[in-house]
Amino acid sequence: MSVLSRPEFHDEAKAFEHVESILWPNGPVCPKCGSVDRHYALKGVRTKPSKKNPNGVERHGLYKC
């Protein structure tokens, strides 16, 4: 059985949550300044529109410091 067949990888947002929990067990860390408590998650950020996706695609797992 492939690792990608696990239920947490069937949804993009859940997959990001799962990988983040492995990378940052105590919460995200800013790679630029090393902050662990001054950042917040960005919601509703989308990619630029394209012919394939005129509304853009929602980006998951983005944080701002």
Segment Ser2-Cys33, length gained on full extension (0.36 nm per residue, minus Cα span): 7.5 nm
Relative contact order %, the chain, counting alpha carbon pairs below 8 Å whose residues are six or more apart: 27 percent
Over 15 Å [Cα-Cα, segment 3-64], rounded percent: 62 percent
Inter-label distance for Glu12 and Asn55, nm, one decimal - labels placed 7 Å from Cα along Cα-to-Cβ: 1.2 nm
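Coordinate-derived values only; no laboratory data. Bear in mind that the values here come from a model prediction, so they are computed numbers and not experimental data. Because the Cβ atoms are built from the backbone with ideal geometry, glycine has one as well, and the counts that use them run over all protein chains shown.
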